[in-house]
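The values are calculated or read from the model by the stated rules, or taken from the named source; none is laboratory data. Remember, predicted model here, so these are calculated numbers, not experimental data. Glycine gets a Cβ as well: all are built from the backbone with ideal geometry, and neighbour counts include every protein chain shown. Ligands, DNA and RNA are stripped out before the accessible areas are found, and what is left, the full protein with its side chains, is counted by its heavy atoms. Shrake-Rupley method; radii C 1.70, N 1.55, O 1.52, S 1.80 Å.
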Amino acid sequence: MKRTARVQERQSHRMTLLRRHLPIVILLAAGVALRVAYLMAYQPAFWFHGDSGAYLLMLDQPLEPHPNRPLGYVLLLAALEPTRTLAAVAGVQHLLSLLLAVGLYALLLHRGVARWLATLAAVPVIFDSLVLTMGHYLLPDLLFMVLFATAVGALLWSPRPGLVAAIVSGGLIALAWVTKPTALPVALLLAIYLVVRRVGWRPVVGYLVAFAVPYVLVMVWVGDRQSVYGAQSGTALYGRAAMIADCDRIELTDEERIACPDQQLGQRWDRADAFFWRRPDRLGNWVYTDEGTRVLTSFSRSVIRQQPGDYLATVGKESAAHFVPGLYLGPMNDCLRQRLVPPARFRSAEVRVEDHCPPAQASAAYHPQVAEPAVAPPATTLSRALHWYGTWTRGIPVVLSLAVLLTIAALVAGRRVAGWIRLDTVLLVLAGPGLAVFTVAIGMYEPRYALPALPLAAATVALAAQGLIHRDAQGATATADQTDHADHADRETR
């Protein structure tokens, strides 16, 4: 009888949990269906020219630093190589995005945010078309988003981060840095956050050690070789400077003038990376040497120092595209945006990449080449539906804008909003939307570079809204804990 009663009690408890969290369960089920649709419509995965092949080629080569590609994503590809199908990579990435949505929902509930707000915060991560499309690409962006957001979330799990949370966060942000070096400034930001929170020396030291050990190991391994983790990363700034450089007006050394673009001002490309990948023949592979890196970096700094207004204007315009839906930046950027929309049909071999921008098809096996048939398979009802979905359900600019506006509103409200909410929303905005702006400032605008900001911005909106409607989430957590203790005491009495 007692055993039967315990079984019934557990079943009742499960049903209670299911009813309580039924909205998020339904949303996750819909998210699974969407991802299965991607896997069925676009087999095995999306291929990004210039990037996907480079990562797969690194699998077949001795482990060496690469001047443009970090190693984190190669580790994931290596782990899944025994499956012999790139569909496994897409499947794992889709699963990771759903797990991130669950983690975001759990984090907000744990911090006392209202269930309906926590559910709404998970919606962009589950349904935003850019999340789904990047989950299907052979690119590191989805993996980076998960590592990056989890590192920040580990510190926010409790009102006062402890030693374990700090160590986990430091290790995860180190992995994020190995996957994409742009995580480095956020690693410093999280350390500052721990100091500001006055959590004591143990969590701060634990975080720093957990990050520093893998960081130092990677940098020692790189040594003086050209690497995306080292001096070569400075060449990303060259495209940003080349867009605005008025070489006839500013003062440059003779060696810096070698880097001046051939096009006249007003006739230049609207994408910063084009100036590096389509650089003049006189630069060639010289840009990958120590001297070439030094000259490009010196040229970039000279241009920005003498044309600060032009630099800020271009950075501001391109950064605005992360917050304003549909902001037009030029034809090359429009082509780039089309690569991030699921196609009605795959691209065929006879069409050049520059003239036809939708995603290409990866090879069926683990081969580092695109599978572009002479004639692409016809569009299906499913692929047309996903193309329409991908065109009209990209909401990252709206979420990022809401996050910034609600954070400002929470700061203006002052003490009417709980102090921890104000501090945490500032951290989330600096780490999320702030990182998106940072990538524009040091490199270029690309919609996928805002992907890591999405879960952090969604959490910001939920936390700020919680505070602005005068419901102290920390107090709610305390009240819930007191209720649980009271219920436990009542059961013991009975």
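A few notes on this one:
- The set of residues from the stretch 429-464 being among the polar types (S, T, N, Q) and open to solvent by less than 10 Å² (accessible area, probe 1.4 Å) comprises just one member, THR460.
- Residue match in the stretch 297-317 (condition: of a type in the set (D, E, K, R), surrounded by 15 or more Cβ atoms within 10 Å (Cβ to Cβ) and over 28 Å from GLY395 (Cβ atoms)): yes
- When the criteria are applied in full, ARG279 meets the requirement of being surrounded by 19 or more Cβ atoms within 10 Å (Cβ to Cβ) and assigned to a loop (DSSP other than H, G, I, E, B).
- Scanning the stretch 73-90 for residues that are in contact with a Ser or Thr (Cβ under 9 Å, 6 or more places away or on another chain) and surrounded by 20 or more Cβ atoms within 10 Å (Cβ to Cβ) returns TYR73, LEU86, VAL89.
- Test: residue in the stretch 404-412 that is surrounded by 15 or more Cβ atoms within 10 Å (Cβ to Cβ) and farther than 23 Å from LEU451 by Cβ: yes
- Whichever residue in the stretch 153-171 is crowded, with 22+ Cβ neighbours inside 10 Å and not aliphatic (A, V, I, L, M) and, among such residues, is farthest from HIS94 (Cα to Cα): PRO161
- Test: residue in the stretch 94-101 that is open to solvent by 20 Å² or more (accessible area, probe 1.4 Å) and over 18 Å from THR150 (Cα atoms): no
- Residue in the stretch 207-240 that is nearest to the chain's Cα centre (by Cα), counting only those that are buried (at least 22 other Cβ atoms within 10 Å of the Cβ) and at pLDDT 95 or above: PHE211
- Scanning the stretch 28-57 for residues that are open to solvent by less than 20 Å² (accessible area, probe 1.4 Å) and either among the hydroxyl-bearing types (Ser, Thr, Tyr) or more than 17 Å from ARG347 (Cβ to Cβ) (or both) gives GLY31, ARG35, ALA37, TYR38, TYR42, SER52, TYR55, LEU56.
- Residue identified as closer than 22 Å to LEU80 by Cα and open to solvent by 30 Å² or more (accessible area, probe 1.4 Å) among THR179, THR150: THR150
- Count of the stretch 26-78 residues which are in a helix (DSSP H, G or I) and either farther than 23 Å from ALA364 by Cβ or out of contact with any strand residue (DSSP E or B) (no Cβ under 8 Å at 6 or more places or on another chain) (or both): 29
- The condition (being open to solvent by 40 Å² or more (accessible area, probe 1.4 Å), touching a Leu at 6+ places or on another chain (Cβ under 7 Å), without any contact (Cβ under 8 Å) to a residue 60 or more places away in the chain and among the basic types (Lys, Arg)) is satisfied by just one residue among ARG422, ARG384, ARG415, ARG394: ARG422.
- Members of the stretch 197-217 that are free of Cβ contacts under 8 Å to residues at least 12 places away in the same chain and within 16 Å of GLY72 (Cα to Cα): VAL216, LEU217
- Taking the conditions (1) modelled with pLDDT of 95 or more; (2) open to solvent by 30 Å² or more (accessible area, probe 1.4 Å); (3) of a type in the set (A, V, I, L, M, F, W, C) in turn, LEU18 satisfies each one other than (1).
- Residue within the stretch 215-222 that is farther than 24 Å from VAL315 by Cβ, assigned to a loop (DSSP other than H, G, I, E, B) and among the hydroxyl-bearing types (Ser, Thr, Tyr) present: no
- ILE126, sole failed condition from (1) assigned to a helix (DSSP H, G or I); (2) out of contact with any Leu (no Cβ under 6 Å at 6 or more places or on another chain): (2)
- When ASP246 is tested against (1) in contact (Cβ under 8 Å) with a residue 12 or more places away in the chain; (2) closer than 21 Å to ASP51 by Cα; (3) assigned to a loop (DSSP other than H, G, I, E, B); (4) not aliphatic (A, V, I, L, M), exactly one condition is not met: (2).
Residue-by-condition table, conditions (1) in a helix (DSSP H, G or I); (2) on the phi > 0 side of the Ramachandran plot:
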| position | (1), (2) |
| --- | --- |
| GLY266 | no, yes |
| GLU291 | yes, no |
| THR297 | yes, no |
| LEU327 | no, no |
| LEU340 | no, no |
| ALA344 | no, no |
| ARG347 | no, no |
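- Qualifying residue in the stretch 161-173 (condition: under 14 Å from ALA453 (Cβ atoms), among the hydrophobic types (A, V, I, L, M, F, W, C) and in contact with a helix residue (DSSP H, G or I) (Cβ under 8 Å, 6 or more places away or on another chain)): no
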